[in-house]
Structure formats: structure tokens, C-alpha cells
Amino acid sequence: MAIRAVPVPAYATNTVADHTHILRDSGARAVIVSSGLLADRLRSAGEAAGGLDLLLEMGSAQWSMMLADATAPDDVIRDAEKIPPTAMACLIYTSGTGGAPRGVMLPHRCILSNCGGAFRVGAATAAEG
């Protein structure tokens, strides 16, 4: 989010057709998955949706290289501070039980509000205990 990429989380149980729809509808060009099985599904969906620029499996050597990057995050932090609260932070799709999955655009202010609420609940709980 800090680099203004918009995450589009998807259900691991989605079919290839569901993933294809979400890729086409969202315009996503890069995918990060947790397993080889999901990588296979998303590879097929990506091909059907017109191609992907990146398909990254978290267990791969490519992922390990990304984790080993020791570059300081200062540049990302400076950029993140410039993001307006109304900018889209995340695009979440429904499960599609009433038809094709539909995307819901969440701005940064919604995500930050949820984080603030969770922090307040956590602080109140800690004060009670």
C-alpha cells in the first residue's frame, strides 16, 4: 500500500474462472500466492485474463531473494506519508454467491480507522487486565 500498489486479496477456494474474472475486472498484473497449487490456478487465470507481469510464490527462491533485501524502508515511509486518506488502499471482492464477485474499493481512511479501533480496544483490554 505504501508504494500505492492496490492489493486485491482473493479466496484460496476461488475457481480459475473466479480468479480470471477478478484479474480482468481489477486490472491486476501481479500475483503473490502462498502455494504451488494456487500458483497453478492463478497462472491459468492470468493466461485467460490476458497475462500477468509477475506471479510470485512465497515458497520460491525469488521470494527468498526479496526477503533478503536489506535496503532501508525510508523511501517507502516518505512516500506513504504523502498518500491522501481518500486514495484507494484495497480492492476486496465478494465471494460471488449472488453471481460474479464484485469489487469493493476501500480508501486508506477506512483501513486506518479499523487499525485505530483495534488499537483502542487492545489498549482498553490491557488496562482492564
Using all Cα-Cα distances in the stretch 42-102, what percent lands in each 5 angstrom bin from 0 up to the longest? 4, 11, 9, 13, 20, 19, 15, 6, 2, 0
Cα gyration tensor of the stretch 18-66 - equivalent ellipsoid semi-axes, whole Å, descending: 20, 11, 8
For Ser95, the net charge from surrounding residues (Cβ-Cβ under 12 Å; K, R +1; D, E -1) works out to 0
Placing unit charges on C-beta atoms (Lys and Arg positive, Asp and Glu negative, everything else neutral), compute the dipole magnitude of the chain about its Cα centre in debye, rounded to 20. 380
Using Cα-Cα distances under 8 Å and only pairs 6 or more residues apart, what relative contact order does the stretch 1-118 have, in percent? 30
Per residue and in Å³, how big is the convex hull formed by the alpha-carbon atoms of the stretch 70-110? 95
Most to least accessible of Ile32, Ile83 (protein chains only, probe 1.4 Å): Ile32, Ile83
Can you give me the angle between helix 16-26 and the longest principal axis of the chain, using Cα atoms only, in degrees from 0 to 90, rounded to the nearest 10? 60
For the chain, state the average projected area of the convex hull of the C-alpha atoms over all orientations, rounded to one decimal in nm². 10.8
Please determine, in degrees from 0 to 90 and to the nearest 10, the orientation of helix 108-128 with respect to the longest principal axis defined by the Cα atoms of the chain, where the helix direction is its Cα long axis. 50
From the residues Ala123, Thr86, Ala70, which one has its Cα farthest along the dipole of the chain in the positive direction, the dipole being from +1 and -1 charges on Cβ of Lys/Arg and Asp/Glu about the Cα centre? Thr86
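The values are calculated or read from the model by the stated rules, or taken from the named source; none is laboratory data. These figures come from a predicted structure and were not determined experimentally. When we count neighbours, we look across all protein chains shown, and the Cβ atoms used for this are built from the backbone with ideal geometry, even at glycine. Ligands, DNA and RNA are stripped out before the accessible areas are found, and what is left, the full protein with its side chains, is counted by its heavy atoms. Shrake-Rupley method; radii C 1.70, N 1.55, O 1.52, S 1.80 Å.
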